[in-house]
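First comes the structure, then the notes that go with it.
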Amino acid sequence: MDKEMIAIENEILDNLVGKISLMQDHEERKDVMFRVFLDVYNSPRGKALLKKVRGIELESFFNDFLSYGMIEELLNDPQVEDIMINSLGPIFIHNTGKGLIRFDKKFTSSDELNLFIRKLIIFSGRTDIRKINNVALYNVKGRVNIVFSPFGPQITVTRAKEKPLSVITLVNNGTLSFDIAAQLWLYVEGLGVKPANIIISGGPGTGKTTLLNALFSFIPEEDRIVIIEDTLELNSDLEQNCSRLESDEEVTTADLVKNSLRMRPDRVVVGEVRGTEAADLMTAMNIGKYCMGTLHASTARETIMRLENEPMNVPEVLINLVDVFLIMRRFNIDGKINRVVGEMVESAGLEKKMVLLSSLWSFDYPTKQFVAAGVSSVYRDRLALVSGLTPKAIIEETKLRSAVLQTLAEQNISTIGAVTSFCRKYHSDKEGAFKDLGISRQDLLLKAGQIK
């Protein structure tokens, strides 16, 4: 990009500060920008700048200006997960199937890179640039971390999936099995009387947020959700009664978790549990709110240790309120990166101040299979107590749901919208849902092996 064009775009950005917001769509942004462009055009400085550039085609200029330049094509590539910009050095991307690869473009001058950074900040609705910046891309296309170092700005862009992956797609990708998905459906929906409190743990890039987003399909339509994140990542487009909250330097995640209890939530979802908000989240569970969140840890026991110690400091008796720990893992299988549910573990009470654990499923790497390690007994019995169903009936319902999910996959019903719509109908009108699938409950039970 030449110096004259950089100067024009910087002038427009100066006038855009405070006039653009994160959730404006493309046409709204173009309208705001057009008014700002006219102001710049009619100013003495603007006229002087524009005289240096001939033949600007306004429509093309507006579209280019409102894009993220050379990384726009990467943001539109569903295989791209992360973009790493090392100042004026090479740009690297993390590709879903190929891992880390080098991009064939890079910034050629500090002026061009600084313009790009200003766009990231101002387009996010922020007005100031700090030493460390965490901002979202507009329309929640992803999140950006910008750090200024002695070696120049270091930028990491994590691309959001435009359409979250459904649980059916995750099964097709090998992330989990139909039986595990059915158990998760039962946990999240809780037969409408006792949903489970769920923590999804794992290392970076193991698919924690992807799985959490897929679980939204199982939340009944009438439930009110409060989602709390430090940077917007989760997709709530299909949730009607949903409040989105974002922490920043002034308002912490812990503040927002406490405040969420004044918002009449049925469910509280924390994108990532890192600090003192953990105790507040457990308090929410203790007063009857159903909670989900993610946390960085590699095993269920390590998750508990992190919750017990600094900076979270959650008492053991409250940790026991977490019904289920899901552990996500990432493997390189035949040269391809695979993310799987490595463990599914239920809490099973306390003994001498230690949270007991009961393993249900694990992923066996040598055979590449999900292995049943036990049956859901603790949560199942709690659910039976409040639902009026027998434990045997709940086991049958779980197997029935596994057969339902298999049928959805066989009928290519796999988009997040279609899966969510079906699961919500199943919750409110089970027989109607069976009719939509063109299959009877009897046939599904046969498929599940519950009757002969």
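The values are calculated or read from the model by the stated rules, or taken from the named source; none is laboratory data. Here the structure is a predicted model, which means the values were calculated and not measured. Heads up, the Cβs are rebuilt from the backbone with ideal geometry, glycines too, and the neighbour counts pull from every protein chain shown.
Within the stretch 110-121, is even one residue assigned to a helix (DSSP H, G or I), within 19 Å of residue 66 (Cβ to Cβ) and under 22 Å from the mean Cα position of the chain (by Cα)? Among the residues of the stretch 110-121, at least one is assigned to a helix (DSSP H, G or I), within 19 Å of residue 66 (Cβ to Cβ) and under 22 Å from the mean Cα position of the chain (by Cα), which makes the answer yes. Looking across the stretch 71-117, the residues that are buried (at least 17 other Cβ atoms within 10 Å of the Cβ) and farther than 25 Å from residue 204 by Cβ come down to 107, 112, 113, 115.
The lone criterion from (1) closer than 30 Å to residue 28 by Cα; (2) assigned to a strand (DSSP E or B); (3) not assigned by TED's automatic domain parsing to the domain that holds residue 307 left unmet by residue 130 is number (2). Check whether at least one residue in the stretch 252-264 is more than 26 Å from residue 130 (Cβ to Cβ) and crowded, with 17+ Cβ neighbours inside 10 Å, and report yes or no. Yes: the stretch 252-264 contains one or more residues that are more than 26 Å from residue 130 (Cβ to Cβ) and crowded, with 17+ Cβ neighbours inside 10 Å.
With the requirement that a residue be out of contact with any Asp or Glu (no Cβ under 6 Å at 6 or more places or on another chain) and either among the basic types (Lys, Arg) or farther than 18 Å from residue 282 by Cβ (or both), what does the stretch 247-262 give you? Across the stretch 247-262, the qualifying residues are 248, 249, 250, 251, 262.
Of 420, 415, which residue is touching a residue at least 12 places away in the same chain (Cβ under 8 Å), out of contact with any helix residue (DSSP H, G or I) (no Cβ under 6 Å at 6 or more places or on another chain), of a type outside the set (Gly, Ala, Ser) and more than 23 Å from residue 445 (Cβ to Cβ)? Criteria check complete, one pass: 415. Note on the stretch 218-276: residues that are farther than 22 Å from residue 145 by Cα, not small (Gly, Ala, Ser) and not in a loop (DSSP other than H, G, I, E, B) total 11.
For the stretch 330-361, the set of residues classified as touching a strand residue (DSSP E or B) at 6+ places or on another chain (Cβ under 7 Å) and closer than 30 Å to residue 94 by Cα consists of 330, 331, 337, 338, 339, 340, 341, 342, 343, 344, 361, listed by residue number.
Just to be sure, is residue 145 assigned to a helix (DSSP H, G or I), outside the structural domain of residue 235 (by TED's automatic domain parsing) and either surrounded by 21 or more Cβ atoms within 10 Å (Cβ to Cβ) or at negative phi (or both)?
In short, no.
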